[in-house]
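First the structure, in the form of structure tokens, and then the observations on it.
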Amino acid sequence: MPAVLVAQLDVEVRKRILIVDNEDSVRAVFRRLLEEAGYDTATTWSGIKALGLLTSRRFDVVLVDDYLADVYVGDFLERVWRLRTPPRVVVMQAKPKKIEVELNIRQCA
């Protein structure tokens, strides 16, 4: 077997995660934790830029804030799900919305 092929077989495939959040500190914390855990990461504050990254590279997971400054997160998600091989998406939310808190209180009562 040629040495080049053997070297390629020994390379571990690392999962790639895209982090999309308006807050620099949030992106930095997620990036550090995920890279320490062995993941490849890319970050951006922009939903539009994230969509560009998703069309140029394959990502396994997208972590996205529920608020993006440059695009409505619902539109962002629709465009992600239309990709030929869409990644898994986790929508992050800093504070629960009032209706969700009320629903949780009712369920616990």
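The values are calculated or read from the model by the stated rules, or taken from the named source; none is laboratory data. What you are looking at is a predicted structure, and each value in this text was computed from that prediction instead of being measured. Cβ placement follows ideal geometry from the backbone for every residue including glycine, while neighbour counts extend to all protein chains displayed.
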Give me the residue from the range 70-82 that is farther than 15 Å from A42 by Cβ and either modelled with pLDDT under 90 or among the β-branched types (V, I, T) (or both) and, out of that set, nearest to the chain's Cα centre (by Cα). V73
Give just the number: which of (1) surrounded by 13 or more Cβ atoms within 10 Å (Cβ to Cβ); (2) in a helix (DSSP H, G or I) does F59 not satisfy? (2)
Selection status of R27, loosely packed, with under 13 Cβ neighbours inside 10 Å and free of Cβ contacts under 8 Å to residues at least 40 places away in the same chain: no
Return yes when V90 is at pLDDT below 95, in contact with a strand residue (DSSP E or B) (Cβ under 6 Å, 6 or more places away or on another chain), in a strand (DSSP E or B) and within 24 Å of R14 (Cβ to Cβ) and no when it is not. yes
Sole residue being small (G, A, S), at negative phi, at pLDDT below 95 and outside any loop (DSSP other than H, G, I, E, B), chosen from A7, A28: A7
Go through the range 70-90 and give me each residue that's without any contact (Cβ under 8 Å) to a residue 12 or more places away in the chain, exposed (fewer than 11 other Cβ atoms within 10 Å of the Cβ) and within 13 Å of R58 (Cα to Cα). R84
Filtering the range 32-43 for residues that are more than 15 Å from V91 (Cα to Cα) and surrounded by 12 or more Cβ atoms within 10 Å (Cβ to Cβ) leaves a count of 6
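Here's the yes/no breakdown for (1) among the small types (G, A, S); (2) in contact with a His (Cβ under 7 Å, 6 or more places away or on another chain); (3) at pLDDT 95 or above; (4) not in a loop (DSSP other than H, G, I, E, B):
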position: I48; (1), (2), (3), (4): no, no, yes, yes
position: L54; (1), (2), (3), (4): no, no, yes, yes
position: L68; (1), (2), (3), (4): no, no, no, no
position: R84; (1), (2), (3), (4): no, no, no, no
position: E102; (1), (2), (3), (4): no, no, no, yes
Of (1) surrounded by 12 or more Cβ atoms within 10 Å (Cβ to Cβ); (2) at pLDDT 90 or above, R14 satisfies all except one. Which? (2)
